[in-house]
């Protein structure tokens, strides 16, 4: 092998993708977000940074949602969920009938 031979190296990326914005997932880039969406995302991000918790538990997320002022005012409408998810949820939560 010859060490004196020059090998061309790419110096620029060919991709013209938009730059990644910290705090925004690729799924939300370009999506229209409501003020509530932005507030929730920023609050979750702040909690993660201040508490060194890159993956908060669902209990922590629920506490954050409550701290933002959200409260359950009615029974959940399970019809809005996907049927497969509803069946799995009901199967796990429903008491077993004894005959």
Selection count where residues are in a helix (DSSP H, G or I) and surrounded by 13 or more Cβ atoms within 10 Å (Cβ to Cβ), scope segment 64-81: 2
Residue match in segment 51-59 (condition: at pLDDT below 70 and surrounded by 10 or more Cβ atoms within 10 Å (Cβ to Cβ)): no
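The values are calculated or read from the model by the stated rules, or taken from the named source; none is laboratory data. Source: prediction; values computed, not measured. Glycine gets a Cβ as well: all are built from the backbone with ideal geometry, and neighbour counts include every protein chain shown.
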